[in-house]
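> Here it is: the structure, laid out below.
The values are calculated or read from the model by the stated rules, or taken from the named source; none is laboratory data. Note that the coordinates shown come from a computational prediction; the quantities given were computed from them, not determined experimentally. Note that each Cβ is placed from the backbone with ideal geometry, even for glycine, and that neighbours are counted across all protein chains shown. Protein only, heavy atoms only, side chains kept; ligands, DNA and RNA dropped before computing areas. Shrake-Rupley method; radii C 1.70, N 1.55, O 1.52, S 1.80 Å.
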Amino acid sequence: MTPTHAQAMGSQDAATLPREMRRTLLRHLPAAIDEMEDAVRTGLPHYTHAVEGTHGYSVRQIIDRTVSCFVSVHDATGPGPAATAEVIALYERIGARHGRLGCPIDVLRDALDLAGRVACRRLITDAYRLQWPAPLLAMLTEDTFSLISTAIAAASRGYAEERHRAPLDVQRDRLRDALVADPDDRVRPLTELAAAADWRLPGTLAVLALPPGDHPQTHVLPPEVLADRSPAAPYLILPNPRTPGPRWLPRTIGAVLGPVVPPDRGAVSLRWARRGLALVERGLLPAAAPLRCVDHVAALTAFRSGDLLEAAAADLLGPLLQLPSRRREPLLETLLVYLRCGDNAVLTADRLHVHEQTVRYRLRQITQLTDGTCPDPERHLETMLVLTWLLSAAATDAPTAGRRPRLSTATGTSGTTSARSPARPRRA
C-alpha cells in the first residue's frame, strides 16, 4: 500500500466538522448503518450470502467500520489516516476473498454504490433539516464518494493480487474455506478440492482459533497445515491432530483448539473454537496455550444456554439463590464439587481443602433450605450445569444470581480440580 493510498481520505484532505455537527452524525449512525445494510441485503441478496463472514466480518461490520472511518477523518482529535489505512486493508482482504471465491469485483462496486446512495440521501435530509451550510454538504458528499473510490481501489488491488497468485496456493485457500464451511454451502466435493490442492484428505481434523492480530509463529508451518492468516480472525486447520500436539503447534496464549471432527465437519470445530475464544477474551475461560474445548464442555454448554439455565436455577435451587453471596457461594461451590465427586463427601473435602465435617454441614444446610428437594438424584446433570453457570462470570447479569459470582479455583470451568498444593483442612 503506497502513501498515496493511505492518504486518499486522510485528515489532511478532509475539513474538520464542527463539534455539534459531528455529534449529530454520531447520533444518527446506528440508523444509517441499519438502512445501508438493509439496502445491500435487499438489493444483492445472493452476493451478501456469498461474502458473509469475509475474514471474520459480517456485512454489517464492514459497513460499520467504513462509516466509522468516514466520521474519523473529519475529527481533528481522531486518527484520520490510521482509520483510513485500516479500511484500505479491510477492502484489500475483501478483494482477495472475492478473487478466491471467483466472485466478480463489479458486484462489490454495486454494493458500495447502494450503501453510498443511502449515505448521501441521509446527509442531504439532515443538511436541509438542520440548515447546514451548502459548502459543508458539498464537502461531505464529495468525501463520501472519495471514500467509496478508495475502498474500490483497495478491493481491486487485493483481487488482482489474489488472481495472480500461484495456482496451488489458490487451490489450498479454496480447500481451507470449504473445510470450515457448512456442507450445504460447498459447491465442489472435498475430495475434488483436496486433489486440486495436492492435499491428502485426513481421517480427522481440528481447528485452532487464534486471537486477533498477527502471529509470526504461523508464518512458517508444515505443508499439511492450512492457515487463514487474517489479522481479524486467524485460524489453522490441523489434520489428524494428536495429544499432546506437535512441537510446531503455536503456543499463543489465548488460542483455542476446537473438537476433533471428521473432515466434512470442520465448521463445527471452527464454531466451537471461536466460541471458546470469545469466552477467553472476556475472561470467562482461562487463557491457555492452547485451551482445548473438550476440556471445558460443561462451561461452553452452560454459556450457550444462559437464559434457560437462569430460568431453571430458581426451580432447582430455590431459596439458596436468595442468600447473601458470602453464604450462597460456598454452598453452591460445595454442592457442585460434591456432585462431580459422585456424592462422596470425603473426596469433596479433599478437593475443596476443607474438613469433611464442613462439607457435611454445608450439605445439611442445603437440604434444610430447599426442604429436602436438593440435590435431586434424578436431576444431577441439570443441577451441575446450573451450578457451573452460576459459579462463573456468565451469570454476571442474571437477576437470580445477585452480584457477579466468584469462579472458584477448586471447581474451575472444566470440571477438573485445582493443581494447588494441599492445605490444612479448615472448618466452616
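> Working only within the range 327-349, note down all residues that are touching a residue at least 40 places away in the same chain (Cβ under 8 Å) and either within 22 Å of E378 (Cβ to Cβ) or not basic (K, R) (or both).
Residues satisfying the conditions are E329, P330, L332, E333, L335, L336, V337, L339, R340, A349.
> On to the next question. If I ask for residues that are open to solvent by 30 Å² or more (accessible area, probe 1.4 Å) and modelled with pLDDT of 80 or more, which ones from the range 53-88 would you list?
R60, Q61, D64, R65, S68
> Quick check on the range 359-391: of everything there that is in contact with a Leu (Cβ under 8 Å, 6 or more places away or on another chain) and over 23 Å from D307 (Cα atoms), which residue is most open to solvent (accessible area, probe 1.4 Å)? It would help to see each step written out before you state the result.
Filtering the range 359-391 down to residues in contact with a Leu (Cβ under 8 Å, 6 or more places away or on another chain) leaves 359, 362-363, 365-366, 369-370, 374-376, 379-380, 382-391.
Next cut, over 23 Å from D307 (Cα atoms) only: 359, 362-363, 365-366, 369.
Numbers: V359: 0, R362: 29, L363: 29, Q365: 37, I366: 0, L369: 53 Å².
Filtering first and then ranking leaves L369.
> Please work out which residue is nearest to A181 (Cα to Cα), limiting yourself to the range 280-296 and to residues that are of a type in the set (A, V, I, L, M) and in contact (Cβ under 8 Å) with a residue 60 or more places away in the chain.
As a first pass, look at the range 280-296 and keep what is of a type in the set (A, V, I, L, M): 280, 284-285, 287-289, 291, 294.
Next, only the ones that are in contact (Cβ under 8 Å) with a residue 60 or more places away in the chain stay: 280, 284-285.
Numbers: V280: 24, L284: 27, L285: 26 Å.
That would be V280.
> May I pose another question? Of all residues in the range 153-172, which are open to solvent by 40 Å² or more (accessible area, probe 1.4 Å), acidic (D, E) and in contact (Cβ under 8 Å) with a residue 40 or more places away in the chain?
Residue satisfying the conditions is E161 alone.
> Can I ask one more? When you look at A111, is it in contact with a His (Cβ under 8 Å, 6 or more places away or on another chain) and assigned to a helix (DSSP H, G or I), yes or no?
Against the criterion (in contact with a His (Cβ under 8 Å, 6 or more places away or on another chain) and assigned to a helix (DSSP H, G or I)), A111 does not qualify.
> Report, by residue number, each residue of the range 203-227 that is under 15 Å from the mean Cα position of the chain (by Cα), of a type outside the set (A, V, I, L, M) and not in a loop (DSSP other than H, G, I, E, B).
none
> Check whether at least one residue in the range 318-334 is within 26 Å of the chain's Cα centre (by Cα), surrounded by fewer than 22 Cβ atoms within 10 Å (Cβ to Cβ) and part of a helix (DSSP H, G or I), and report yes or no.
Looking for residues that are within 26 Å of the chain's Cα centre (by Cα), surrounded by fewer than 22 Cβ atoms within 10 Å (Cβ to Cβ) and part of a helix (DSSP H, G or I), one finds none in the range 318-334, hence no.
> Could you pull out the residue among T144, T84 that is within 18 Å of V40 (Cα to Cα), touching a Cys at 6+ places or on another chain (Cβ under 9 Å) and not aliphatic (A, V, I, L, M)?
On inspection, the qualifying residue turns out to be T144.
> Oh, and also: Out of all the residues in the range 284-297, which are under 11 Å from W389 (Cβ atoms) and open to solvent by 30 Å² or more (accessible area, probe 1.4 Å)?
none
> Counting just the residues of the range 335-357 that are under 20 Å from W389 (Cα atoms), assigned to a helix (DSSP H, G or I) and out of contact with any Pro (no Cβ under 8 Å at 6 or more places or on another chain), which one comes out most open to solvent (accessible area, probe 1.4 Å)?
R351
Quick grid of which residues meet (1) open to solvent by 20 Å² or more (accessible area, probe 1.4 Å); (2) within 30 Å of V87 (Cβ to Cβ); (3) not in a helix (DSSP H, G or I):
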| site | (1), (2), (3) |
| --- | --- |
| L123 | no, yes, no |
| A138 | yes, yes, no |
| F145 | yes, yes, no |
| S149 | yes, yes, no |
| R174 | yes, yes, no |
| T191 | yes, no, no |
| L201 | yes, no, yes |
